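Derivation of every value follows stated rules applied to the coordinates shown; laboratory data play no part. Keep in mind it's a predicted model, so treat the numbers as computed, not measured. Every residue, glycine as well, gets a Cβ built from its backbone with ideal geometry; the counts of neighbours run over all protein chains shown.
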Amino acid sequence: MIVVKNLHKYFDKLEVLRGIDCHVSEQEVVVVIGPSGSGKSTFLRCLNLLEEPTSGEIFIEGTSITAKETNINILRQEMGMVFQRFNLFPHKTALENITLAPVQVKRLSRSEANEIGHSLLAKVGLRDKADVYPDQLSGGQLQRVAIARALAMKPKVMLFDEPTSALDPEMVGEVLAVMKNLAREGMTMVVVTHEMGFAREVGDRVLFMDEGKIVEEGTPEQIFGNPRNERTRSFLSKIL
Amino acid sequence: MELPLELIWNSLPIILEGALRTLEITLIAISLGFILGLFAGLARLSKKRVVRLLATCYIDFLRGTPLLVQIFMVYFGLPQLLGSFQTFMMDTFHIAQIWESTHINPFVAAIISTSLNSGAYIAEIFRAGVQSIERGQMEAARSLGMTHVQAMRFVILPQAFKRIIPPLGNEFIAMLKDTSLLSVIGFEEMARKGQLIIAQTYKPFHIWLTVAFIYLIMTFAISRLVDYMERRLKAGDDRR
């Protein structure tokens with residue numbers, strides 16, 4: 001479903017991604033781990049072109065996203081993204097946050113969009129928060145609305161950029177629970193996270209990144225139980 | 001010195017008539033300036049260099065030169081330019097006269113000069129307002145498949161509008177005072193009315209004092225109004 005070939009990314013002269021090759025299959029949950037500054041987030045943000053790759057190719061269902069003739073706005077509708085800092089629209093209610101893109105981009109009627117919005121809010125356990133503004137929600141609730149907002153476009157892939165890193169510890173669980181549900185329903189997911197428990201339990205495959213490269217990849221059992229690479233070992237020994 | 005209350009009282013209708021014109025031209029200048037400023041401000045943030053350069057030239061020229069000179073350029077300069085253009089067209093293409101007269105009436109000159117001027121200041125206000133919105137807002141909107149224009153319209157600008165109300169209020173007050181410069185081209189706003197009364201009564205101190213006092217009332221009222229709007233929008237922000 002996603003194929004990445006020799007992806008490089010420079011920020012000015014700094015090479016952040018040094019040749020990434022990987023693929024993500026349909027319904028697969030790929031978890032990306034690694035020390036900060038390893039390029040995990042940049043890699044994820046390249047997948048929906050929030051960062052423009054310096055070189056290399058990315059294919060989503062066979063379509064090259066960096067090709068000039070590709071309409072990135074249409075492609076992004078297929079790829080939901082959840083951010084570390086939630087990025088909810090503060091001037092819109094929870095429901096309006098969810099329905100804005102379906103109404104403006106997909107041209108759904110207000111009532112269709114509201115129906116989808118309410119059902120998604122129910123799905124993330126926030127049925128009664130439809131008319132509430134973001135500043136009245138807790139971090140965990142904000143992130144769940146953000147997930148619902150991304151799901152409203154009916155994406156084929158969900159990208160998570162450290163979705164629990166900005167949360168108070170007691171709120172991490174509620175967000176991870178929503179993500180686990182999604183995975184169970186068969187959503188294709190790429191998750192950048194420091195939640196090793198989540199990686200182990202939900203991940204089909206784990207990528208370990210360091211210094212702009214995928215150093216090691218494998219099943220969670222293999223990566224956590226028997227890491228082959230020295231850098232993977234030292235990283236895991238520090239955080240586990 | 002005794003205040004000639006009767007003189008002031010008798011001049012008041014004329015001065016207030018001028019005050020209305022002052023208010024009128026200020027409202028026109030700020031309204032047109034708002035539209036100009038919105039486009040020039042967004043142009044300043046454009047990815048295209050030519051667009052950015054044009055906007056920068058406009059903004060720098062109008063902010064870097066005195067309004068008085070701009071008024072002269074429009075009122076005296078523009079007719080000369082139009083005249084030369086007409087002569088050129090008639091000589092080169094042997095066409096009939098284009099304009100009966102190239103004279104611009106003071107009201108039109110007032111609208112052109114003050115709108116162009118406030119447009120440049122408001123452009124900078126807009127630019128700052130848009131830039132003050134967290135980057136994640138644009139990213140979240142784009143990640144949902146919105147175009148840049150949709151993201152600006154539904155996500156960035158509504159938030160920016162709220163933040164620019166105080167500086168817009170300041171610009172309104174500054175422009176209200178600066179319209180007194182229009183007296184030099186005979187536009188009968190309040191300062192010009194004052195001059196005319198003084199020419200008949202020879203009581204400059206009393207008339208200027210009265211005029212000053214009415215300016216003060218107007219600017220004070222506007223600043224209260226802006227404060228009120230700011231408070232209401234704030235209250236809207238942390239409604240609970």
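Some values worked out for this structure:
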| read-out | value |
| --- | --- |
| Chain B, relative contact order in percent, only Cα pairs under 8 angstrom and at least six apart counted | 30 percent |
| Relative packing of B:172-183, B:51-62, B:132-143, which averages over residues the other C-beta atoms within 10 Å, highest first | B:172-183, B:132-143, B:51-62 |
| Shielding of A:76-82 by partner chains, average beta-carbon count, 10 Å | 3 |
| Residue-averaged 222 nm ellipticity for the protein assembly as shown, from DSSP H runs of 4+ at -39500 (n - 2.57), nearest 500 | -18500 deg cm²/dmol |
| Span-rule helices in chain B, defined as complete DSSP H runs reaching 15 Å or more along the axis (Cα) with Kyte mean at least -0.5 | B:5-44, B:49-63, B:78-93, B:106-131, B:157-178, B:190-201, B:204-237 |
| Segments B:20-32, B:92-104, A:145-157 sorted - mean Cβ within 10 Å per residue, highest first | A:145-157, B:20-32, B:92-104 |
| Shielding of A:45-53 by partner chains, average beta-carbon count, 10 Å | 2 |
| Environment charge at B:Val211 (Cβ cut-off 15 Å; Lys +1, Arg +1, Asp -1, Glu -1) | +1 |
| Inter-centroid distance (Cα atoms) of region A:82-140 relative to region B:116-192, Å | 29 Å |
| Taking region B:57-182 and dividing mean pair separation by its residue count, relative contact order in percent (alpha carbons under 8 Å, at least six apart) | 32 percent |
| Other protein chain Cβ atoms within 10 Å, averaged over every residue that makes up B:132-142 | 5 |
| Pairs from A:Lys106/B:Lys48; A:Lys106/A:Lys156; A:Lys9/A:Lys156; A:Lys92/B:Lys48; B:Lys177/B:Lys234; A:Lys68/B:Lys48 whose Cα-Cα separation, in the structure shown, is over 21 Å | A:Lys106/B:Lys48; A:Lys9/A:Lys156; A:Lys92/B:Lys48; B:Lys177/B:Lys234 |
| Shape category assigned to region B:1-111 from the gyration tensor of Cα positions, a/c cut at 1.5 | oblate |
| Per-bin percent of Cα-Cα distances, region B:148-240 [10 Å] | 14, 31, 24, 17, 11, 4, 0 |
| Helix axis angle, A:169-184 relative to chain A longest principal axis, alpha carbon, degrees | 90 degrees |
| Listed residue (A:Phe208, A:Gln141, A:Leu159) projecting farthest to the positive dipole end of the protein assembly as shown, Cβ model | A:Phe208 |
| Directionally averaged projected area (convex hull, Cα atoms, chain A), nm² | 13.1 nm² |
| Computed over region A:1-141: relative contact order in percent, which uses C-alpha pairs under 8 Å that are six or more apart | 19 percent |
| Kirkwood-type radius of region A:96-173, with distances r between different C-alpha atoms, in Å | 13.0 Å |
| Formal net charge of residues neighbouring A:Met79 (Cβ-Cβ distance under 15 Å; K, R +1; D, E -1) | 0 |
| C-alpha center-to-center spacing [region B:3-23, region A:1-16] in angstrom | 71 Å |
| Shape category assigned to region A:33-166 from the gyration tensor of Cα positions, a/c cut at 1.5 | oblate |
| For the protein assembly as shown, the spread of Cα positions along each principal axis, largest first, Å | 100, 62, 44 |
| Top of B:Val226, B:Val184, B:Val149 by mean-square fluctuation, Gaussian network on chain B, Cα under 10 Å | B:Val149 |
| Positive minus negative residues near A:Ile116 (Lys, Arg vs Asp, Glu; Cβ under 12 Å) | +3 |
| Span from the region B:66-94 Cα centroid across to the region A:161-240 one, whole angstrom | 70 Å |
| Relative pair counts by distance (%), Cα atoms of region A:146-198, 10 Å bins | 23, 61, 16 |
| Shape of chain B, Cα gyration tensor, a/c cut at 1.5 | oblate |
